[in-house]
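The values are calculated or read from the model by the stated rules, or taken from the named source; none is laboratory data. Every value quoted in this text rests on a predicted model; they were computed, and no experiment measured them. Quick reminder, even Gly has a Cβ in these numbers, built from the backbone with ideal geometry, and neighbours come from all protein chains shown.
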Amino acid sequence: MATLVLTAIGTAVGGPIGGAIGALVGQQVDGLIFGGGTRQGPRLREVTISTSSYGQPIARHFGRMRVPGSVIWSTDLIENRRKEKGRKGQPSTVTFSYTASFAVALSSTPIARLGRVWADGNLLRGSLGDLKVGGSLRIYCGHGDDPVDPLIAAAKSGQAPAFRDCAYVVFEDLELGDFGNRIPALSFEIFAEGGDDTVSLERLVPGAVPAATPVMLAHARGFADEGGPLAASLAAIDQVIPLICTSGKDGPIIADPGTGGPALLRRRSRLPAGRAARDWHAAGGPRIDG
């Protein structure tokens, strides 16, 4: 009101310049009487988030790998409101920020430790374990005695899975402002048990009889297996690192000819040696001698 009155008076007395002065004074008077109002910053219309689809395989990882992970649990986005008072005569401002809590599965086999983490290609967690944004991170290495995460337990009213035998991490109240207020595309540097930068052939074969000398795949720092026939995984390795599979009385015997030694890996099998070897080869396994 004061703005209109003083603008009219200023124009009548001093012309256009007087009108401008009157409008400026009137705005200050109106601000003192009625306040400056409130301005709101950008705000999300939808705070629910998408999760991974059912049936997506969680790979077994060996050696050192950089993996994307799969979201296995999450909350909705949590909206945080902050109001800042403006200067005298200026409107106050309300800004909104968002956080999320979620769990990401990394491997269906145990890991020794977690290294760096990237979000949308940028470093989120350094090699010293420090997060670059607000929030916290808990790591579960995938052992059978891992406890239930307290945040998941609270959200599920005590009826929460422990995701045992699955390595996963839990982000709690991760700030999302740097990622467009959404859960970013994440990738994780993991170190599997049994060697940081090496892959043991023995660990690749479930139910294998341990060899006297572990067979290490030369020049292999990491390997991911998403399931399916074991022969298919070994066939993929055989294309890069030649393997030899021979038939024995207890089943097929797998060896790495690059070791130059007698170290062999025998897989337990109830089938006769010749039949086991033929089945292995028919499934697409590495070449068979003997």
Selected residue (criterion: modelled with the lowest pLDDT) from residues of segment 210-226 that are closer than 17 Å to Met65 by Cα and outside any strand (DSSP E or B)
Ala218
Looking at Val148, Val169, can you tell me which residue is within 27 Å of Asn122 (Cβ to Cβ) and modelled with pLDDT of 90 or more?
Val169
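Test of understanding: among Phe188, Phe163, Phe171, which residue is farther than 21 Å from Arg64 by Cα, part of a strand (DSSP E or B) and not assigned by TED's automatic domain parsing to the domain that holds Gly227?
Result of the check over Phe188, Phe163, Phe171: Phe171.
Within segment 195-205, is there a residue that is in a loop (DSSP other than H, G, I, E, B), acidic (Asp, Glu), at pLDDT below 75 and surrounded by fewer than 19 Cβ atoms within 10 Å (Cβ to Cβ)?
Step one: filter segment 195-205 for residues in a loop (DSSP other than H, G, I, E, B), giving 195-199, 205.
Narrowing the set further to residues that are acidic (Asp, Glu) leaves 196-197.
Filter once more, so that each one left must be at pLDDT below 75: 196.
Checking the rest, the ones that are also surrounded by fewer than 19 Cβ atoms within 10 Å (Cβ to Cβ) come to 196.
Yes, some residue in segment 195-205 is in a loop (DSSP other than H, G, I, E, B), acidic (Asp, Glu), at pLDDT below 75 and surrounded by fewer than 19 Cβ atoms within 10 Å (Cβ to Cβ).
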In segment 79-96, is there at least one residue being under 19 Å from the mean Cα position of the chain (by Cα), surrounded by 13 or more Cβ atoms within 10 Å (Cβ to Cβ) and closer than 24 Å to Arg182 by Cα?
no
